[in-house]
Amino acid sequence: MTKQGILVSGILLAAATTAQADVTVTTQTTGKMIIDVSGEGVTLFKGRHQRTDNTIRGKSQTLIIDIDGRRFVDLDARKKSATVTTLDSIAEQLQKVGAGTLDAKLTKTAATKTIAGHGCTVHDISVSLPFSPTGNPGDGMDLTMTLAGTVCLATDVPGLADYQTFYRAAADSGFIFGDPRGAKSPTGAAQAKAYAALTRKMAEAGMALESNVNINAGGSGPMAGMMAKLAKGNIVTTVTKIEAGDIPAASFEIPSDYKVKTAK
């Protein structure tokens, strides 16, 4: 899966249990968000660390989020290399893209499902974020990024304590969830901010065992139509397995034989 797919696999998950435990969640995703994000993902949670390994068309990609280190680590096993992107290096783009107040809503319905052997309750989801594609709000090109759809949240599955610990800390630190390079474009930054807000809402309520999210952007400016096409997407993610159990700390570290570079 693409690193943008890592965003989705990491975002559209949540779990529940009274005990603190490392958790591994396997998902299947189809759809696109600027680029194709279809494929299988395995996401590991341990304290304030997350690692997602995705595969699409036989190509594997790994992204580690290190909250305490305020960094994203992209591992390339084939090249034995690691690319480190600091959160601070994308903070300015994330800050200036917003042209208005972000609004995220999660509404519980009466519908229920059983997915991966666990029961869940369907919720309607909606997120809107006014933003400026140029980074200059008020220049006649402002758009609104919208996410809408459904998510089925479970509150009796392995790993909620550790999962929620990670996402609360990530949200408090201003993290996004996916390839940080995508956030360097205005549209990518708006999507990342909207998904981060949605993730916090869902993580507070349970684990998203299944989600269907439509992404759109609209506005009245001269570039609205073109930008809306770039932003448009649909993501369907389904959890296929949840496992609680100790995960070695080394899983979240850069292997000693990897070459390390820092992204600009």
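Just one of (1) at pLDDT 75 or above; (2) farther than 29 Å from Ala161 by Cβ fails for Pro222. It is (1). Collect the residues in region 24-55 that are aliphatic (A, V, I, L, M), within 26 Å of Ala190 (Cβ to Cβ) and surrounded by fewer than 20 Cβ atoms within 10 Å (Cβ to Cβ), keeping them in residue-number order. Ile34, Ile35, listed by residue number. Specify the residue that is farthest from His123 (Cα to Cα); the eligible residues are those in region 89-110 that are at pLDDT below 65 and assigned to a helix (DSSP H, G or I). The residue in question is Lys96.
For region 126-149, the count of residues that are over 27 Å from Asp66 (Cα atoms), at pLDDT 75 or above and acidic (Asp, Glu) is at least one. Exactly one residue among Ile247, Ile254, Ile242, Ile235 is at pLDDT 85 or above and under 19 Å from Ser126 (Cβ atoms), and that residue is Ile235.
Just one of the listed residues (Gly41, Gly10, Gly31) is under 18 Å from Met202 (Cα atoms) and either modelled with pLDDT under 75 or in a strand (DSSP E or B) (or both), namely Gly10. Looking only at region 196-219, residues that are small (Gly, Ala, Ser) and at pLDDT below 85 come to 6 in all.
The values are calculated or read from the model by the stated rules, or taken from the named source; none is laboratory data. Owing to the predicted nature of the structure, the values given are computational and were not obtained by experimental measurement. Cβ atoms come from the backbone with ideal geometry, glycine included; neighbour counts cover every protein chain shown.
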